[in-house]
Amino acid sequence: MAGEKYLIVNADDFGQSPGVNRGIIQAHERRIVTSTSLMTRWLAVEEAALYAKEHRELSIGLHLDLGEWVYRAGAWEPLYTVVPLEDKSAVEREIVRQLDTFRRLIGRDPIHINSHQHVHMREPVRSVALQLCESLGVPLRNLCPEVHYLGQFYGQTTEGLPLPAQISLEHLIDMLSTLPAGLSVIVCHPGDDVGDLNTMYRVERLEELRVLCDPRLKAAITAFGIRLCSWDDWLYLKNHSGRRARG
């Protein structure tokens with residue numbers, strides 16, 4: 001494993017809508033997306049869970065969903081909120097509820113955890129999520145020192161303005177060209193139909209899917225000597241260092 005480059009391509013928001021599900025499934029079946037993160041509160045979660053149980057090669061984690069915010073007129077406004085983020089007890093109860101739902105739907109624990117709009121990066125969500133991940137022995141996005149997390153494949157600025165160059169094929173290949181040795185994770189949000197999806201990230205999903213499924217991307221991964229793997233592959237590799245992930 002030393003000196004080799006491993007890459008997990010993780011698609012967030014699995015279960016958020018049928019169109020998001022189809023986009024993630026299509027990118028996975030093109031052998032690009034190797035991992036996903038399940039949102040347990042949305043109407044399409046049952047079909048997402050069924051696919052995940054039938055396709056164990058797709059690693060599945062928990063995408064904690066405590067709300068979504070949009071930037072309007074110089075301020076952040078909620079599209080929806082699940083619990084007050086400053087209320088630690090409410091956050092704890094909701095995270096436990098979403099974990100219980102994940103276990104019921106998938107039949108096992110998540111193999112990694114992250115959150116919608118990265119709310120786990122601020123307190124008190126951070127402490128609650130870290131404690132959960134430590135109890136499960138799974139990584140929490142951006143807070144696992146052995147993993148290089150790459151979030152630059154995202155088609156909006158921090159204020160939600162369009163940034164199409166960030167989700168171009170050229171930009172993604174450029175990111176891959178400087179991938180360090182070890183394990184890297186690229187986060188993506190593909191979808192094949194936005195419909196009436198209540199989210200600030202809509203049309204960008206269609207472009208992400210197009211780029212992820214472009215055969216030039218897979219060719220670049222091979223040319224750069226990068227080995228695609230899932231979270232399950234990576235854990236197996238750590239315990240059986242003589243084995244290699246699928247290419």
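Annotations for the structure displayed:
- For the range 110-247, the relative contact order is 18 percent, taking Cα pairs closer than 8 Å that sit 6 or more residues apart in sequence and dividing their mean separation by the residue count.
- For the pair the range 147-196 and the range 3-66, the centres of their Cα atoms are 16 angstrom apart.
- Global geometry of the range 100-247, whether rounded, prolate or oblate, following the gyration tensor of its Cα atoms and the 1.5 cut on a/c: oblate
- Shape of the range 185-229, Cα gyration tensor, a/c cut at 1.5: prolate
- The range 1-55: Rg to Rh, with Rh as the Kirkwood radius over Cα pairs: 1.07
- Listed values [x] 0.97; [y] 1.22; [z] 1.17, entry calculated as Cα Rg over 2.2 N^0.38 Å: [x]
- The chain: relative contact order in percent, alpha carbon pairs under 8 Å with at least 6 residues between: 27
- Rg [Å, one decimal], Dmax [Å, integer] - the range 107-165, C-alpha atoms: 13.7, 39
- Loop-located GluC sites (Glu not before Pro) across the range 15-88 with a Cβ neighbour count of 16 or fewer within 10 Å are 57, 86, with loop assigned by DSSP.
- Within the accessible surface of the range 55-100, defined with a 1.4 Å probe on protein heavy atoms only, the carbon and sulfur portion equals 50 percent.
- Protection proxy ranking, peptides 111-117, 134-140, average beta carbon neighbours within 10 Å, highest first: 111-117, 134-140
- Cα-based shape type of the range 7-152, given that a ≥ b ≥ c are square roots of the gyration tensor eigenvalues and the cut on a/c is 1.5: rounded
- Beta bridges assigned by DSSP with both partners in the range 25-99 are antiparallel in approximately 60 percent of cases.
- Across the range 91-143, Cα pairs under 8 Å and at least six residues apart give a relative contact order of 37 percent.
- For the chain, the share of DSSP beta bridges that are antiparallel, to the nearest 5, is 20%.
- Measuring only protein heavy atoms, the 1.4 Å probe finds residue 196 accessible over about 150 Å².
- Put simply, the amide H of residue 227, placed in the peptide plane, has neighbours under 5 Å in 5, 6, 7, leaving out anything fewer than 5 places away on its chain.
- Net charge, residue 76 excluded, C-beta distance under 12 Å - Lys, Arg +1, Asp, Glu -1: -2
- Taking GluC sites (Glu not before Pro) across the range 141-243, the ones in a DSSP loop with at most 14 further Cβ atoms lying within 10 angstrom of their Cβ are 146, 159.
The values are calculated or read from the model by the stated rules, or taken from the named source; none is laboratory data. All of these numbers come straight from a predicted model, not from anything done at the bench. Cβ coordinates were reconstructed from backbone atoms using ideal geometry, including for glycine residues, and neighbour counts include every protein chain displayed. The accessibility values were calculated without ligands, DNA or RNA, using every heavy atom of the protein model including side chains. Shrake-Rupley method; radii C 1.70, N 1.55, O 1.52, S 1.80 Å.
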